[in-house]
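One structure is given here, and the rest of the page talks about it.
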Amino acid sequence: MKRFLIAAIITALFIAACGKKEVKKVSEDSRVATEAFALAETIRAAYANRDMSAIEKNSTREGARAIIGGMKAFDSVNLTFNPAWVEIDGDTVNLNVSWKGIWKIGGKTIEERGMAVFVLKGSPLKTDNVLRANPFRYPQD
């Protein structure tokens, strides 16, 4: 009986010691990276829905030109983003995104993939440019 009581006390102490969760503050870099991921997803959804006002709202003037200026006609698109890397340099954030898109035009299906760099600026973040393989310039003829 004594062994059971001692084992129960040790178990209770162990559970009490391990049961407390330490709440860690989210770092500023982590908050900025999360905001960058959300912004890229917002821009992707606006592009897929051809919502020009949402693109303009979430972009600088130059960023809106980079996205809207290169848009081609399509019937539908299935565009997915996979964030790969975030670089934070002062007030500029570079978000590297690998993407895959399937565009339908008439009866034709075009599939492309690439790696784009979203240049984000400001507070709250806004898209300022899209470098490398800009997914918003597809499908190409």
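Please treat every number below as a calculation from the coordinates, not as lab data. Not measured: the values here are computed from a predicted model. FYI the Cβ positions are ideal-geometry reconstructions off the backbone, even for glycines, and counts take in every protein chain you see.
If R0 is taken as 41 Å, the Cβ-Cβ distance between LYS104 and GLU28 corresponds to a FRET efficiency of 0.50.
Among the lysines of the range 27-137, pairs that are 8 or more positions apart or on different chains and have alpha carbons within less than 19 Å of each other number 6. Counting charges near LYS121 (Lys, Arg +1; Asp, Glu -1) among other residues having Cβ under 10 Å from its Cβ returns a value of -2.
Annotation: peptides 30-41, 90-101, ranked by per-residue average of other Cβ atoms within 10 Å with the highest first, follow the order 90-101, 30-41. Semi-axes of the equivalent ellipsoid of the range 27-137 are 24, 15, 11 Å, computed as sqrt(5λ) over the eigenvalues of the C-alpha gyration tensor in descending order. Proximity of backbone amide H atoms, modeled 1.01 Å from N, is registered between SER59 and THR127 at under 5 Å, excluding neighbours fewer than 5 places apart on the same chain.
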